[in-house]
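Trainee: Can you read through this structure? Questions will come right after.
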Amino acid sequence: MDRREVAAALAYLGRLDPRTIRTGTGEARDQIAQWQELLDDVPFATAHGWDVREAIRSHVLDSPYPLLPVDIARRWRAHRRDCLNRHTDPTPAADPDDPAAWRAELFRSRNAVAAGTAAPSTHRQITGGGRPRDVEERLRELGSCIPPAVRAELARYGPTRAARDAAVAEGSTDALGVRCDWCHAPGSSCRRRRTSPDGTARGNAVRATPHPSRVDLATTRTGRHRAA
């Protein structure tokens, strides 16, 4: 800011906080000189979010202490730092084979953002265009989040899951959807259980088919849900 802009800022501050007003001509001149020396690199206002009057007003509202020029300088540095943190260097138009011109264009872009003469260039979200739809609506339209070709390829590595999906698709009873009362398998394939002479259960081999009692339980529950 030059002396004229500093004087305007001090006049605005005096209206909001009369404690800062200097009535003597010499005092006012010294105050302007001091502020101008400390705020020489601080702009009065920019087109991208900075206005010294807003900084003055915020300080008067937030702090009980009189405003000092260093308070404005710190707010300006914080504002500039925030802009630079949000800035992403755009690809220069200079020839990439000319490193000096490439760097010079990057420096000009950053300096313009730091000085407040240009807005930060931020990353934009990549979208497919149009209004985004609800996830559940999209899944109902697709039927599954796994493409059919991928599901068919994965079926070789998970035959139990593939058989279960096929049964559900055909409207058959999903026996693995209930807990088995015999082997206590929770949502997975049934296990072979053999009873030892002392009455304890032995064996943990996977059965190719669910236990009959599990099938009956799943059929009963499916019938109840359909009736409801």
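Trainee: For Ala115 and Arg57, what does the FRET efficiency come to when R0 = 30 Å and r is the distance between their Cβ atoms, rounded to the nearest 0.05?
Mentor: Details: r = 23 Å, r/R0 = 0.75.
About 0.85, to the nearest 0.05.
Trainee: Let me ask something else about it. Using the per-residue mean of other Cβ atoms lying within 10 Å as a proxy for protection, in what order, highest first, do the peptides 34-42, 175-183 fall?
Mentor: On the way: 34-42: 16.4, 175-183: 18.6.
Final packing ranking: 175-183, 34-42.
Trainee: May I pose another question? Counting only heavy atoms of protein chains, what accessible area per residue, in Å², does region 23-88 have with a probe of 1.4 Å?
Mentor: Result: 62 Å² per residue.
Trainee: From the C-alpha coordinates alone, can you work out the Kirkwood hydrodynamic radius of region 1-75, in Å?
Mentor: Numbers: mean 1/r = 0.0803 Å⁻¹.
Hydrodynamic radius (Kirkwood, Cα only) of region 1-75 equals 12.5 Å.
Trainee: Pop a pseudo-label 7 angstrom from the Cα along the beta-carbon direction at both Thr25 and Leu106 and give the gap in nm to one decimal.
Mentor: The answer from the label model is 5.5 nm.
Trainee: How large is the Rg to Rh ratio of region 44-104 when both quantities use alpha carbon positions and Rh follows Kirkwood?
Mentor: Working: Rg = 17.5 Å, Rh = 14.3 Å.
That ratio equals 1.23.
Trainee: Around Arg214, under 14 Å between beta carbons, what's the net of Lys plus Arg minus Asp minus Glu among the other residues? Each step should come with its number before you reach the end.
Mentor: On the way: positive: Arg164, Arg179, Arg191, Arg192, Arg193, Arg207, Arg221; negative: Asp174, Asp181, Asp216.
Combined, the nearby Lys, Arg, Asp and Glu give +4.
Trainee: How much length is gained on full extension from Arg192 to Thr209, taking 0.36 nm per residue of separation minus their Cα-Cα distance? Walk me through the numbers on the way to the answer.
Mentor: Values: separation 17, 0.36 × 17 = 6.12 nm, distance 1.03 nm.
Between Arg192 and Thr209, full extension yields an extra 5.1 nm.
Trainee: Follow-up. If you roll a 1.4 angstrom probe over the protein chains with everything in place, what fraction of the accessible area of region 18-94 belongs to carbon and sulfur, to the nearest %?
Mentor: It is 49 percent, rounded to a whole number.
The values are calculated or read from the model by the stated rules, or taken from the named source; none is laboratory data. As the structure is a computational prediction, the values presented were derived from the model and not from experiment. In this analysis, Cβ positions are derived from the backbone assuming ideal geometry, glycine residues included, and neighbour counts consider all displayed protein chains. Each accessible area value is taken on the protein alone, full model and side chains, heavy atoms only, with ligands, DNA and RNA left out. Shrake-Rupley method; radii C 1.70, N 1.55, O 1.52, S 1.80 Å.
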